[in-house]
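Data first, discussion second: the structure below is written as structure tokens.
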Amino acid sequence: MDLFRLLTFACVIGVHVLSATTTIDNVGSNAGQLLLHFTREAFFTLTGFVLTFQALRRPQRPLPFWRRRIPLVLTPYLTWTVLYSLLAVWTRPPGMPEPTVSQELVTMGWNALEGTAWYHLYFLLVTLQLYLVFPALVAGLRRLGRVGHGVVLGVALVAQVVVCELLIDPPANGFGAFLVAHGFVLLPAYLLYPVVGAVAALHLDQLQALVLRFRWWIAGLVVVTITLAELLYVRAVGTGTVPSMAAAVFQPTTIAWFLVAVLGLYALSLVVTAGWRPGGPARRVLAYASDRSFGIFLAHPLVLAGLLSIAGGWVDAVGSGLTLVALYLGTVVGSVLVADVARRLPWSAALTGRA
């Protein structure tokens, strides 16, 4: 699953570069972001898959599982919350007064509780919530057979649609205000995807055989789903919906695309790596990149912010595909360098989740 992980990270950087260099009402940009936003769902699917796969090989009771897993995410989460809270002070709009030390400490505390220090850190907060419930999830799934797993997936799908409806059109009351402010950092907003990953891991052999057998059908399904997703987006924009809302990640119509995107990426990863020799150059490069992938994810907004700051008005002046490519490549290279340095430091675990 290393290639799956790396391709997903590549798309994460892509969507953030795209959103950082275009306006919120840009129709073309939002059309691209609509497709690239499958990444958060892919990550939660992958997390459910990996945790279940490891639980089948090395079963652990809840307490040992939590003691082992939670610090690997919580420590980097708190470290980067501090770093990005300081970055927010540095990049504050002109004319905004500099906060006092006590004000900034309070802000950091709220950022840690709410996952809002920077736009990507919510993922770690949701991952921690998933870790808390995972032992119960995998224990329940292991007691069920195929029919039971199908029922669980169906219930999770219905729940996902309901939650998405609430998030995209919240009620006009206190609960709705809470959803607007905090819904995206809560596990129920992504409930379906770790369940899909966990069930996939429980039926891994059959799943791999089916995916390889029907890989061309899956490729066709990806193309068809992309077309339908974009047609729905164009129709929504054409009827007056704001582009950013039409492409919003919690639109219920995006669930089908997210699931197909995850399936397509998994199929691509299987096919591409099928002929790779164990210990060969491709495998070694993949292992190197995978080892640093979490650090790349954590650092890439910092690198992107630095590049945008250095570029100044150049981004607005150029505003072309060349700008996007240059910023994307710069962000990728810079993030890899930052992650590589972080992995070699004595406090690597606090920065990358790996000792």
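The values are calculated or read from the model by the stated rules, or taken from the named source; none is laboratory data. The structure presented is a predicted model; accordingly, all values stated were derived computationally and were not measured. Methodologically, a virtual Cβ is constructed for each residue, glycine included, from the backbone with ideal geometry; neighbour enumeration extends over all protein chains shown.
Among the candidates Val185, Val161, Val199, single out the residue that is surrounded by fewer than 17 Cβ atoms within 10 Å (Cβ to Cβ), within 23 Å of the chain's Cα centre (by Cα) and not acidic (Asp, Glu). On inspection, the qualifying residue turns out to be Val161. Taking the range 198-241 as the range and being within 21 Å of Arg142 (Cα to Cα) and touching a Phe, Trp or Tyr at 6+ places or on another chain (Cβ under 8 Å) as the test, the residues that pass are Ala198, Ala200, Ala201, Leu204. If the condition is being more than 15 Å from Leu35 (Cβ to Cβ) and of a type in the set (Val, Ile, Thr), then the range 238-254 contributes Thr239, Thr241, Val242. For Arg40, the criteria (1) of a type in the set (Lys, Arg); (2) under 20 Å from the mean Cα position of the chain (by Cα); (3) farther than 30 Å from Gly240 by Cβ hold in every case but one, which is (3). All of Thr8, Thr47 fail the test of being closer than 30 Å to Trp276 by Cβ, in contact with a Pro (Cβ under 8 Å, 6 or more places away or on another chain) and of a type in the set (S, T, N, Q), apart from Thr47. For first residues located in the range 88-101 and surrounded by 10 or more Cβ atoms within 10 Å (Cβ to Cβ), partners that are modelled with pLDDT under 80 and lie 6+ apart or on another chain with Cβ distances below 9 Å form the pairs Pro99/Arg92.
So, Leu192, is that one touching an Asp or Glu at 6+ places or on another chain (Cβ under 9 Å), touching a residue at least 24 places away in the same chain (Cβ under 8 Å) and closer than 22 Å to Leu35 by Cβ or not? It is true that Leu192 is touching an Asp or Glu at 6+ places or on another chain (Cβ under 9 Å), touching a residue at least 24 places away in the same chain (Cβ under 8 Å) and closer than 22 Å to Leu35 by Cβ. In this structure, is Val17 at pLDDT below 95 and touching a Phe, Trp or Tyr at 6+ places or on another chain (Cβ under 6 Å)? For Val17, the condition - at pLDDT below 95 and touching a Phe, Trp or Tyr at 6+ places or on another chain (Cβ under 6 Å) - is met. Taken over the range 4-34, the criterion of being surrounded by 21 or more Cβ atoms within 10 Å (Cβ to Cβ), out of contact with any His (no Cβ under 8 Å at 6 or more places or on another chain) and aliphatic (A, V, I, L, M) is satisfied by Val17, Leu34.
Whether any residue in the range 145-167 is at pLDDT 95 or above, not charged (D, E, K, R) and not in a helix (DSSP H, G or I) is what I want to check.
Going through the range 145-167, the residues at pLDDT 95 or above turn out to be 147-167.
Now narrow it down to the ones that are not charged (D, E, K, R): 147-164, 166-167.
After this cut, where a residue has to be not in a helix (DSSP H, G or I) as well, the list is none.
No, there is no match, as no residue in the range 145-167 is at pLDDT 95 or above, not charged (D, E, K, R) and not in a helix (DSSP H, G or I).
Going through (1) modelled with pLDDT under 95; (2) over 30 Å from Leu337 (Cβ atoms) one by one, Val285 falls short only on (2). Thr107 meets the conditions (1) touching a residue at least 24 places away in the same chain (Cβ under 8 Å); (2) among the polar types (S, T, N, Q); (3) surrounded by 13 or more Cβ atoms within 10 Å (Cβ to Cβ) in every case but one. The failed one is (1). Of all residues in the range 250-305, those that are of a type in the set (Lys, Arg) and either touching a residue at least 12 places away in the same chain (Cβ under 8 Å) or in contact with a His (Cβ under 8 Å, 6 or more places away or on another chain) (or both) total 1.
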